[in-house]
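No lab work stands behind these numbers, since they all come straight from the coordinates. This structure is a prediction, so every number in the text was calculated from the model and none was measured.
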Amino acid sequence: PQVLTYFEEQGDPLVIVWPQGAKTLTVNVENSLGGKVLGGGQYFEGRSVSLKAVPAPGYLFDHWTDGITIVMSANDSDNSYTAVFKRGTLISVDLPEGISLGVMLNNMGNGPWTVEQGSQCTLSVNIYYRAANGELALSLNGESCNLTQQNGAYEYTFEAKGQEMKFKLDYIAQQ
């Protein structure tokens with residue numbers, strides 16, 4: 001049978017091609033708060049089956065298991081796979097009105113983002129449009145964060161801590 005290797009990247013599918021006859025594939029989630037899985041059901045010979053683990057906000061996909069070991073590649077003899085998710089740090093940024101900004105975390109756009117707890121992160125902010133001259137101010141839980149300017153963007157580097165980090169970005173217009 002053809003077996004395609006599973007890659008340990010968030011959202012990549014586990015793909016199985018059944019060798020013969022009809023089989024029922026069962027998919028589970030170890031912790032239903034962590035996310036959901038797509039796929040499973042009755043499949044026939046030669047059909048490829050794609051299982052996808054979709055983490056919930058604040059969680060990261062960790063691995064597939066067959067109940068005994070971590071699954072690195074599909075095995076046509078297994079009929080049941082469980083997706084395991086782990087808690088991450090959910091990072092969000094409240095944005096000011098009246099200014100057009102691009103905000104990225106570790107070069108990933110369109111937050112909120114979930115990252116591994118303890119990882120180093122860089123929040124980058126680009127100003128695309130502003131109605132008046134002013135300064136950006138970043139805070140976390142009311143405490144000011146020191147933004148530095150790098151190559152035209154404002155940056156803040158920090159360690160992801162806890163289950164959630166909510167930043168607030170303000171634009172203070174100059175008088």
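If you take the Cα centroid of the range 121-151 and the Cα centroid of the range 35-71, the two points sit 39 Å apart. The lysines whose alpha-carbon is closer than 27 Å to the alpha-carbon of LYS36, local same-chain residues fewer than 8 away aside, are LYS23, LYS52, LYS86, LYS161, LYS166.
For Cα pairs less than 8 Å apart in space and 6+ apart in sequence, what is the mean separation divided by the residue count of the range 61-175, i.e. the relative contact order in percent? Write out the running numbers ahead of the final one.
Numbers: 222 pairs, mean separation 32.2, N = 115.
Normalised by residue count, the contact order of the range 61-175 is 28 percent.
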